[in-house]
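To keep things clear, I will list the structure first and then write my remarks on it.
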């Protein structure tokens, strides 16, 4: 209640100023309790349509034939009847669809679990434990979140070559096992979400350090850990550059995004088939979004305020 | 020292047989307390050192070596790789394209994110629904976005050209011409990241305390004035964050332009005449494309690193200024939006 109310203004500045203040607070937008009008909702509806239409477009093309695509550049809003047929063509084509799907799944799950586990461990240590060098090391972590490590691609490739991992899935997984962002994120979260009293209580009860982490810190970290896991999953599912470099466009050996590129290269004349591939590849993440989109939204918003 | 503290802690009863194991346990316990913090952060630091930091630094070494993808290192090259790259017109073309696509994607994107966030920052019904709605494109892989928009922007029988013809305009050679190609690729980037950045900005707006607005209202500030003189300066740290991250990501752009190339040609040619080849595509082309020249590829990586650093710093400086003279930048921003539309 730091801003003067309308009656206060009437007393101090006269009736005219009070009327003006009342009028102004009536029209103020940000943070007001007033329900917005139809204009706001129409703008948002347009934004929503723009966000969803390209996906629907890929669905429309995927459900038509290549002749339809040539004849009607603007697809009719009613889907055609060839979706199943086109999807079957994609999954049985020579791009190795099922292997790519499985590879993408393995990479995304393993990296998500690993990033969450290692970030929570390190974040707990940075947020709640006292040790020499804590400050500088944390600054180092924060600084590295802004370093484009993707530019180390040439030596990273040489490292994988030394380890005889070229063309193998661990080459994609290994560099994604930890992220500086994850450590920073969990540090931020645990600083606020985990009271020292809980840790001390566990210690007094005779729990070892790792036991304390496991039964006190890990449960407390769950909301942030879920979000971090989701983001890591999405990032690795959609990653294209590094799998392309280290796995190459080899059917059966690569991940889904690279397989999509192969699909485009082999079938660029038949775009309904390419779009069927797009549609199938997007589907798993769409399901994830429907289930956990709420967490993604709040994850982004929490990260923004703290970061 | 250690003995005295132990003596103080342990019970003063002189039972030696009982104290021995407890002393061992205390020692272990103390080691646990001392070592655990380092143990917990070590997986991150070890893995990051091997897969992140070392490769980045080692890039500098590879970049001054003659290094073939298949046959390995063949001695030092001095700065020959850099000289060779800087003498390639293709490198400069790639750099021009990268910066152009980056500007076309990040400037309108940040302005639109501000506008949409301002709209979302109202007391909406079904708030979560709208927020999730803007985030849908985030789960579509850039590769998929590239394929979808590549088809929409197809030169022949593309949807965008069909719409243009319908309203009586000439179709555009989206793939063949430089600026249209950049616009189409920037559209893909904007499509995927606009919702994400909108939510980041929205979160910052919600963190502004309400009384700041109330004070502005008392001072007679209009809604537009509030937006430029209160909202934007108050969310400055977030704006800097968004601009820096989109600089780092945007200048490394690879996925969208490679997918935009619909022809069954070389993966990273970037169009018939390199009209949309980017620096990262060039990097890939040198190392893993036709030449197998990892030395030059590393030189490009190191150059791109420096460019990202410089542009990030310039952006940081610009953001500082934008926030301190909110009104001026607001006007400039609106003019830019008109150009982009």
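The values are calculated or read from the model by the stated rules, or taken from the named source; none is laboratory data. The structure displayed is predicted, hence computed values, not measured ones. Counting neighbours? That spans all protein chains shown, and the Cβs are built from the backbone with ideal geometry, glycine included.
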### Task
Could you look through the range A:254-284, keep only residues that are surrounded by fewer than 20 Cβ atoms within 10 Å (Cβ to Cβ) and facing another protein chain (nearest Cβ under 7 Å), and pick out the one that is nearest to residue A:223 (Cα to Cα)?
A:265
### Query
Would the range B:133-156 turn up any residue that is within 20 Å of residue B:207 (Cα to Cα), surrounded by fewer than 23 Cβ atoms within 10 Å (Cβ to Cβ) and more than 9 Å from chain A (Cβ to nearest Cβ)?
no
### Message
If residue B:54 meets every condition in (1) assigned by TED's automatic domain parsing to the domain that holds residue B:273; (2) surrounded by fewer than 18 Cβ atoms within 10 Å (Cβ to Cβ) apart from one, which number is that one?
### Response
(1)
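Residue B:116: at the interface with another protein chain (Cβ under 10 Å from one of its Cβ atoms) and either free of Cβ contacts under 8 Å to residues at least 12 places away in the same chain or part of a helix (DSSP H, G or I) (or both), yes or no? I'd like the intermediate steps shown before the answer.
Values: at the interface with another protein chain (Cβ under 10 Å from one of its Cβ atoms): yes; either free of Cβ contacts under 8 Å to residues at least 12 places away in the same chain or part of a helix (DSSP H, G or I) (or both): yes.
Taking the combined requirement at face value, the residue satisfies it.
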### Message
Take residue A:102 and tell me if it is surrounded by fewer than 17 Cβ atoms within 10 Å (Cβ to Cβ) and facing another protein chain (nearest Cβ under 9 Å).
### Response
no
### Query
Taking the range B:157-167 only, how many residues are within 7 Å of chain A (Cβ to nearest Cβ) and not in a helix (DSSP H, G or I)?
2
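From the list A:47, A:69, A:52, which residue is modelled with pLDDT under 90 and either closer than 19 Å to residue B:163 by Cβ or at the interface with chain B (Cβ under 10 Å from one of its Cβ atoms) (or both)?
Working: A:47 fails: modelled with pLDDT under 90; A:52 fails: modelled with pLDDT under 90.
When all the criteria are applied, what remains is A:69.
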### Task
Check B:240, B:244 and return the single one that is facing chain A (nearest Cβ under 8 Å), surrounded by fewer than 20 Cβ atoms within 10 Å (Cβ to Cβ) and over 24 Å from residue B:61 (Cα atoms).
B:244
## Note on the structure
Restricting the range B:195-218 to residues that are surrounded by 21 or more Cβ atoms within 10 Å (Cβ to Cβ) and more than 8 Å from chain A (Cβ to nearest Cβ), the one nearest to residue A:46 (Cα to Cα) turns out to be B:198
### Query
Condition test on residue B:149, is it in the same structural domain as residue B:307 (by TED's automatic domain parsing) and over 30 Å from residue A:58 (Cβ atoms)?
no
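Do we have residue B:105 as modelled with pLDDT of 85 or more, in a helix (DSSP H, G or I) and over 30 Å from residue B:272 (Cβ atoms) here? Write out each step before concluding.
Numbers: modelled with pLDDT of 85 or more: yes; in a helix (DSSP H, G or I): yes; over 30 Å from residue B:272 (Cβ atoms): no.
No.
When you look at residue B:97, is it crowded, with 19+ Cβ neighbours inside 10 Å and either at the interface with another protein chain (Cβ under 8 Å from one of its Cβ atoms) or in a helix (DSSP H, G or I) (or both), yes or no? Walk me through it before giving the result.
Numbers: crowded, with 19+ Cβ neighbours inside 10 Å: yes; either at the interface with another protein chain (Cβ under 8 Å from one of its Cβ atoms) or in a helix (DSSP H, G or I) (or both): yes.
Taking the combined requirement at face value, the residue satisfies it.
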